[in-house]
Amino acid sequence: MLNLKIVHEVAIETTKITSMVYLILVGATIFSSIFRGFGGEELIENLLTGLPGGVVSATIIVMLLIFLLGFILDFIEITFMVVPLIGPVLLAMGLDPIWLGVMIAINLQTSFLTPPFGFSLFYLRSVAPPEVETSDIYKGVAPFVVLQLLLLLLLAFQPGLATWLPSILNQ
């Protein structure tokens, strides 16, 4: 039953969680600013533009990095710390911003479903009944991980799948 005590407890918990998220955002912004101030942005640009294979190898490296970071960081940290550092470089190399955004989003979702540290798996574990074992959850998400990896490959070879609707809406 909803009463004033429950509303108060929910408000306190919501305030705590919101404060934590904002602290993460502030920390990510400070990190990015300091990183840029010490020339990190130029270092990343030189690293990515100097890779053999050009934009293709740079995109593969970035996607792999984001996938691995998705094991240990939440999407907020990756979005506010990594994407502002690698995004401008990849866009300057000629990638479509919509396609890149879709690829990053699907990549992050895939990494959040991937054991052993997938955040979505922990969320699912917290709401699953006690008789459902963690190994069952890992086995259950495997087809979704495979499908999302196939989708990433499909989008890599057919970028028009992600950009055709926005291009029609811009006309």
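The values are calculated or read from the model by the stated rules, or taken from the named source; none is laboratory data. Remember, predicted model here, so these are calculated numbers, not experimental data. Glycine gets a Cβ as well: all are built from the backbone with ideal geometry, and neighbour counts include every protein chain shown.
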message: Conditions first: (1) assigned to a loop (DSSP other than H, G, I, E, B); (2) more than 21 Å from the chain's Cα centre (by Cα); (3) exposed (fewer than 11 other Cβ atoms within 10 Å of the Cβ). VAL132 passes all but one, so which condition is the exception?
response: (3)
message: I need the full set of residues from region 67-96 which are aromatic (Phe, Trp, Tyr) and either under 9 Å from the mean Cα position of the chain (by Cα) or more than 23 Å from PRO115 (Cα to Cα) (or both), in order please.
response: PHE67, PHE75, PHE80
query: Between residues in region 147-158 that are of a type in the set (S, T, N, Q) and residues that are surrounded by 11 or more Cβ atoms within 10 Å (Cβ to Cβ) and at pLDDT below 95, which pairs lie under 8 Å by C-beta distance while being six or more apart or on different chains?
result: GLN148/ILE106; GLN148/GLN109; GLN148/THR110; GLN148/LEU113
Among (1) of a type outside the set (A, V, I, L, M); (2) over 22 Å from VAL145 (Cα atoms); (3) surrounded by 17 or more Cβ atoms within 10 Å (Cβ to Cβ) - the single one PRO88 does not satisfy: (3)
query: Before we move on, is LEU121 free of Cβ contacts under 8 Å to residues at least 40 places away in the same chain and either exposed (fewer than 11 other Cβ atoms within 10 Å of the Cβ) or aliphatic (A, V, I, L, M) (or both)?
result: yes
message: Looking at region 144-171 only, could you name the residues that are under 24 Å from VAL55 (Cα atoms) and of a type in the set (S, T, N, Q)?
response: GLN148, GLN158, THR163, SER167
query: In region 159-171, what count of residues is obtained for those that are surrounded by 11 or more Cβ atoms within 10 Å (Cβ to Cβ) and outside any helix (DSSP H, G or I)?
result: 1
field: Tabulated pairs, region 86-102, first farther than 18 Å from GLU41 by Cβ, second outside any helix (DSSP H, G or I) and not small (Gly, Ala, Ser), C-beta under 7 angstrom, 6+ apart or interchain
entry: ASP96/PRO159; TRP99/PRO159
